[in-house]
Structure formats: C-alpha cells, structure tokens
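Have a look at the structure below before the remarks.
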Amino acid sequence: MHPESLMMSHGYHPEWSEGAIKCPIFQTSTFVFNSAEEGKRYFELAYGLKEKKNREQMGLIYSRLNNPDLEILENRLTLWDGAEDCAVFESGMSAITSTLMEFLLPGDLLLFSEPVYGGTYHFIRHILTRYGIEVVHFDARTTEAQMLEKIDRSGSRLGMIYIETPSNPTNDLIDIEMCTRVAKHYDTNEHKVIVAVDNTYMGPLWSHPIKHGADIVLYSATKYIGGHSDVIAGACLGSKELITRVKAFRTFVGNMAGPWTGWLLMRSLETLKVRMEQQAENANYIARKINEHPAVERVHYLGLIDVDHPQYEIYKRQYSSPGAMVSIDIIGEEEEAFLFLNSLQLVKLAVSLGSTESLAQHPFSMTHADMDIEEKYEVGVTPQLVRLSVGIENKQDIWNDIRQALDKVYDKIGEGEMMV
Ligand SMILES: Cc1ncc(COP(=O)(O)O)c(C=O)c1O
C-alpha cells in the first residue's frame, strides 16, 4: 500500500487503548515493568550490552528513550522515504546538530553545500568549528573534480558531506549521486563517509534521497510534516545501524520529541499528501504569474527551469514535483523588497515554510542574516530576494495579494525612473 493509505493506522492497534481509533497521547515519563528481570533485560538491550534475540521487541522504559507516540510516528515516517529507521527530535535543528555531532570527530572535515538554512550555517561555521572540525563549503556549481580537489587540499579525514537540496532560500540543486560517489572515494574499511541530506524543502513527498544513495535524510518536521505552523520538530532517517547511533546520542542529549509533539505530527501526517499537492499546485500557478510581473527580475522556482538549464537533469532525476517554495528577485534593493513584504495582506510576513498558510520573508536580513556577506552574494542571497512559501488558500486570492504588493513596487520603481 501507499504511505498515504497507512498514515491513519500503521503501527497502532485499537485494542491497546480501549478500542480508541486514534492513538492516545501517552503523557507519561516512565513505564512499569512486569518484573525486575524484564527491566534488567530492557536495559541490556538499550545499552547494547546483549544481542537482541530473534523477533525480540525492545520494551518501553522511560520517555527520554522511547514512548508509543514517538515510536508509532517514527514507523510511519519511515514509509515515505523507504528508510529502515527514524529518530524524531524536538526541532529540526536538534535532528541536524545531533547527526553532525554523532558522525563527526575532532580533526574531521565536513564538506557542506551552500546556501543552507541560516541556523544550520551558524552551527556549522561557529559551533562545530569550536570542536576541532574543519568545515569547507561548496555550491551547486561545484563539479565532482572540484569537490575532490577541496577535500585533498584540506588534508583532514573526510567525515561527512552535508547537503541541503533544494537549498533554502534559492532552490539550488545539489546532485546527491555525485556526492555519494565522492564519499565512496574516501571510504575505508574502518571509516565510512556519511552523506546527509536536508530534504525539508521537498519531503517527504517529492524526493527520497536514500534512493539516490544518501545515508541520512533530515527534516525540519516543523515544515510540511507538521504543516500547520503550530509545532516545532525534526526527524532523521536512515539505516537501522546509523539511526541506532543517532538514537543513542539523542537519549543522552535528551532532545527527543515529547508525546504531544508525536501526537500532533501523527495527526498532520494523515493530510500530508493532500496538503503538499495543493501547495504545489498553487505554487505552480503563482510562480508563473509572478514571472510575468514587471517588478520582478527573476523567479527561483523549479517549475520554471527548462531543458537547457544546467540543473535540469538533476531536477528530473531527484524530484517528482517543483515543490511549493518560490523565491523572487524583486527589481531594486532591500527597500523595494521591504515595500513588497510590508504591502502583503493575506500572505503573512513570517519565517518558516511548508505550512497551510502562505508566508513571506527576507532571507538576507532574517533567516540568513548571520551568513558571511561575501558567501551570501556568491550564492544569490541578496537584499532584493524574498522567499515565499505557498499555502493552501485559494490560489487566485494568493495571487491577488502578491500582485497588489508587486504593483506597489512597480509604482515606486516607475517614480524613480521618472525622477532620473
Ligand atoms: C531547510 C531547513 N532545515 C532545517 C531547519 C531547522 O528546523 P527547526 O526550525 O524545526 O529547528 C529549517 C528551519 O527553517 C529549514 O528551513
């Protein structure tokens, strides 16, 4: 069956809870053991002190390790990505930072793509480096040979290739298969180079990085998975072996999602596909309209890239939809971008994305404010760029709102031209 058919029931049995059709919120910190022997056995398994016997199930111990809402949610999330296992966190940032911390050691090299979400950028550039990890960036234009050159020039052991594709906020694409080839080049018997992909912009519906060779897939579940701007959460998916390590790290850092978050996300997953499909349809309509407006210099939307575009082949291979994120280079500078943002009425001026309501923000001064200024310009995070996340409102209403805001910019540019 398809994942959308299983989101209402997978992994939960009504007889566990008085016949309740929905999984209740297991608001409990700890779980009662049937015997001291059972408690001892669960701890042996939790710490990996003994091997699991055939078909033996890990029992519930304490909600920092496991909780039914978390486990059922994790099982449901694996279905979309075809992953063996999943770990859910209390934020996308905790999923990302825990993965980086678990798989990197002092002295390792992290090769990461740019642009990435501003919070990820800050952690990589300013926090990971404090722990003796060398970080080197590349972008969508970097070739395979140039990646190898960057790694060889560093001299450190390559620990991980971390990519965000499509990138926030420019929709740039990174070739996952190319990154896995590069990672394999540096694999040894003792050390595997991990390829981790932040799939927040496309997932879990429109792209499945594991199928392209990625080891780890990361999500800010705050975005499409949660989808209603009312919960912060994150997820990390991959093989049983790798996710067991991530979960062990999570147990001791204690940044797992709580039962309420688990329950909210399960509720959201039931409508994930219909929400995302409507958002993509609306985005397709709106992006094409925006593209024709005279106040717009360029639209960063995957549905507009054609066969001659250097990233067309990656787009076709990795994605089944152009998604619902549209960034716009407004003609002008920050002032014109702000005029556009301040003029919006239906579309809310707020960061975040992937929610039922349409949102707009200014990456240069908001989500990506902390990014090095030269790197910002290198990858197109400029003062004229605004980012839109298209929601499920009526598409004509969204467009009418965007058009009246763009018209105001056009009027302003027109006045400027007349003054000249
Ligand atoms: C692409 C991407 N990854 C990760 C994050 C971080 O997620 P969270 O805010 O849930 O911690 C964000 C947040 O905006 C994001 O856009």
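None of the figures in this text is laboratory data; all of them are computed from the coordinates on show. As the structure is a computational prediction, the values presented were derived from the model and not from experiment. In this analysis, Cβ positions are derived from the backbone assuming ideal geometry, glycine residues included, and neighbour counts consider all displayed protein chains.
Selection among Pro3, Thr97, Gly59 by position relative to the dipole of the chain gives Gly59 as farthest towards the positive end (Cβ unit charges, Cα centre).
Pairs exceeding a 21 Å alpha-carbon distance, out of Lys348/Lys376; Lys184/Lys316; Lys52/Lys211; Lys192/Lys316; Lys273/Lys395: Lys348/Lys376; Lys184/Lys316; Lys52/Lys211; Lys192/Lys316. For a label point 7 angstrom out from the Cα of Asp187 toward its Cβ, which stretches of the range 159-176 have the backbone nitrogen within less than 15 Å? The answer is 159-161, whose backbone nitrogens lie closer than 15 Å to the label point. Rounded to the nearest 20 debye, the dipole size of the chain about its Cα centre is 1280 debye, using +1 on the Cβ of Lys and Arg and -1 on the Cβ of Asp and Glu.
Estimated at 0.36 nm per residue, the fully extended path between Asp306 and Leu349 surpasses their Cα-Cα distance by 12.4 nm. The distance between label points at Glu18 and Ile373 comes to 6.3 nm (points 7 Å beyond Cα on the Cα→Cβ vector). Modelled spin labels at His126 and Tyr285, positioned 7 Å past Cα toward Cβ, are 4.1 nm from each other.
Scalar couplings 3J(HN,Hα) for the range 57-67, obtained by applying the Karplus form with A = 6.51, B = -1.76, C = 1.60 to θ = phi - 60°, are 9, 6, x, 7, 10, 6, 5, 6, 8, 7, 7 Hz; x denotes Gly and Pro. Helix 259-269 and the longest principal axis of the Cα set of the chain meet at an angle near 60°. The relative contact order of the chain, computed from alpha carbon pairs under 8 Å that lie at least 6 residues apart in sequence, is 16 percent. Using the empirical formula 2.2 N^0.38 Å as the baseline, the Cα radius of gyration of the chain reaches a ratio of 1.03.
Of Gly159, Gly254, Gly59, the residue with the greatest mean-square motion in the GNM of the chain, using alpha carbon springs below 10 Å, is Gly59. Exposure proxy for Val231, Val217: other Cβ atoms within 10 Å of each Cβ, ordered fewest to most, give Val231, Val217.
Mind checking which of Ser327, Gly391, Gln311 is farthest towards the positive end of the range 292-418's charge dipole, using Cβ charges of +1 (Lys, Arg) and -1 (Asp, Glu) about the Cα centre? Highest projection toward the positive end goes to Gly391. Working note: Karplus 6.51/-1.76/1.60 with θ = phi - 60° gives the range 294-306 the couplings x, 8, 10, 8, 7, 10, 9, 9, 5, x, 9, 7, 10 Hz, where Gly and Pro are set to x.
Calculate the length of the line joining the C-alpha centroid of the range 300-369 to that of the range 385-411, in whole Å. A separation of 11 Å, based on Cα centres.
Name the most mobile residue of Glu74, Glu90, Glu297, meaning the one with the largest mean-square fluctuation, in a Gaussian network model of the chain with Cα contacts below 10 Å. Most flexible of the set in this elastic network: Glu297. Each of Leu49, His185, Ser167 was scored by the projection of its Cα onto the charge dipole of the chain, and the greatest displacement toward the positive side belongs to Leu49; charges sit on the C-beta of Lys, Arg, Asp and Glu. Relative to the longest principal axis of the Cα atoms of the chain, the long axis of helix 92-103 lies at roughly 60 degrees. If r is the Cβ-Cβ distance from Gln404 to Tyr315 and R0 is 30 Å, what FRET efficiency results, to the nearest 0.05? Efficiency for this residue pair is about 0.45. Residues considered: Met93, Met325, Met147. Largest GNM mean-square fluctuation over the chain, using C-alpha springs under 10 Å, is found at Met147.
Set against the 2.2 N^0.38 Å expectation for a compact globular protein, the range 272-419 has a Cα radius of gyration ratio of 1.04. Once both axes come from the Cα atoms, what is the angle between helix 395-419 and the longest principal axis of the chain, in degrees from 0 to 90, rounded to 10? Taking Cα atoms only, the helix is inclined about 40 degrees. Between Thr28 and Glu277, the simple spin-label model (points 7 angstrom out along Cα→Cβ) gives 3.8 nm.
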